[in-house]
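Trainee: Dumping the structure here so I can ask a few things about it.
Values quoted throughout were computed directly from the atomic coordinates according to the rules given, and no laboratory measurement underlies them. Not measured: the values here are computed from a predicted model. As a convention, Cβ positions derive from the backbone with ideal geometry for all residues, glycine included, and neighbour counts pool all protein chains shown.
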Amino acid sequence: MRRHELNTHFDWKPTRGPYRILSEAQARQYDEQGYFLLEGAFTAQELADVRAAIDPLEEAYEALLREKHGGRQFINKADAITFTVHLVARSAALKAFSRHRVFSDLCHDIMGPGARLYWDQAVYKKPGNPEEFPWHQDNGYTFMDPQQYLTCWVPLTDATLDNGCPWVAPGLHLGGTLAHEPTKLGLQCVDDPPETVAVPARAGDVVVFSSLTPHRTGPNLTAETRRSYILQYAPDGVVAHDPFSGETRPANDPERQYFVDA
């Protein structure tokens, strides 16, 4: 494992109480292992409303993949896996969900006041997809400074070992961003981590992990689509380093990178 070329110095910033939503055990697990599972965060009706908002947008994007891109674009592949991004800019319901008290409380407890939504995307892994999404850190795709931000992985249907639940590599977040190499399925920072943990989650839970926690998802060997909605939050003032142009820009687009913590 090598450090990312922009990761010249990194010190993990631990959580600090008093906490709004975290238990002491969850805060300790997040700091030491880089993740925890928050169970029963959302009601069945809340999830139904989110699915109803996402499904037509995902269907339209998959149709576009077929019609304009030959079924594949970057890491998106029709009938296998889709990443439908920036949904809050197109849906008032999803914008409201991104500001849910659960998320604002998590941001407050993990990053302090003044957090912004950084990124949102629906990831739908289609039935019978044997491909595994490789080990990566979220900060490996677009290097952010500071490097440490928050990912909330929300299963919209139960995420199981059979349909592609997340796996994490605990403890590796403490070194900051690792170098990533391209594969046909996405960027990869490590091939065989020393320790791995599966994190099955029910619809309504949240898999909470750091932008620096290496993670992957397994294949979907079932007959149903595994649906998830991923929301990422960063402290105000974070700067993104564009991996293609090398330019830097503040992550403060008012349409989709707004403040969420009161």
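Trainee: Given the options D145, D192, D120, which has the most mean-square fluctuation in a GNM of the chain, springs set between C-alpha atoms less than 10 angstrom apart?
Mentor: Greatest mean-square fluctuation among the candidates belongs to D192.
Trainee: I've got another one for you. Whole-Hz Karplus ³J(HN,Hα) for region 60-68, in order, using 6.51 cos²θ - 1.76 cosθ + 1.60 and θ = phi - 60°, x for Gly and Pro?
Mentor: Karplus values, whole Hz, x for Gly and Pro: 5, 5, 5, 4, 5, 4, 5, 7, 10.
Trainee: If amide hydrogens are placed 1.01 Å from N in the peptide plane, which non-local residues have theirs closer than 5 Å to the one on N76?
Mentor: The answer is none.
Trainee: At 1.567 mPa s and 4 °C, plugging the Kirkwood radius over alpha-carbon pairs of region 108-195 into Stokes-Einstein gives what diffusion coefficient in µm²/s? List each step's numbers first, then the result.
Mentor: Numbers: Rh = 15.1 Å.
The estimated diffusion coefficient comes to 86 µm²/s.
Trainee: Counting only pairs 8 or more places apart or on different chains, how many lysine pairs in region 25-250 have C-alpha atoms closer than 13 Å?
Mentor: Working: K68/K77; K77/K125; K77/K126; K77/K184.
Taking the Cα cut-off of 13 Å, the pair count is 4.
Trainee: Only counting other Cβ atoms within 10 Å, I'd like W167, W135 sorted with the fewest neighbours first.
Mentor: Numbers: W167 20, W135 25.
In increasing order of surrounding Cβ atoms, one gets W167, W135.
Trainee: What whole-number volume per residue, in cubic angstrom, does the convex hull of the C-alpha atoms of the chain give? Intermediate results must be reported in sequence, preceding the final value.
Mentor: Numbers: hull volume 32.4 nm³, N = 262.
Value for the chain: 124 Å³ per residue.
Trainee: In whole Hz, what ³J(HN,Hα) sequence does region 6-14 give by Karplus (6.51, -1.76, 1.60; θ = phi - 60°), x for Gly and Pro?
Mentor: Result, rounded to whole Hz: 8, 8, 8, 7, 8, 10, 4, 9, x.
Trainee: HN-Hα J couplings of region 241-246 from phi, Karplus 6.51/-1.76/1.60, θ = phi - 60°, integer Hz, Gly and Pro as x?
Mentor: 9, 5, x, 9, 8, x
Trainee: Further, regarding this structure: Please find, in a Gaussian network model of the chain (springs between Cα atoms separated by less than 10 Å), the residue of Q148, Q232, Q45 whose mean-square fluctuation is greatest.
Mentor: Taking springs between Cα atoms under 10 Å, the residue moving most is Q45.
Trainee: Which log10 I(q)/I(0) values, to two decimals, does region 1-131 give at q = 0.14, 0.20 Å⁻¹ under the Debye formula with one point per Cα?
Mentor: -0.89, -1.18
Trainee: Given H placed on each backbone N at 1.01 Å, which residues far from A203 in sequence or on other chains put an amide H within less than 5 Å of it?
Mentor: Here the answer is D158, A159, since their amide H atoms fall under 5 Å of that of A203.
Trainee: State the Cα centre-to-centre distance between region 213-262 and region 127-199 in whole Å.
Mentor: Taking the Cα centre of each part, region 213-262 and region 127-199 sit 12 Å apart.
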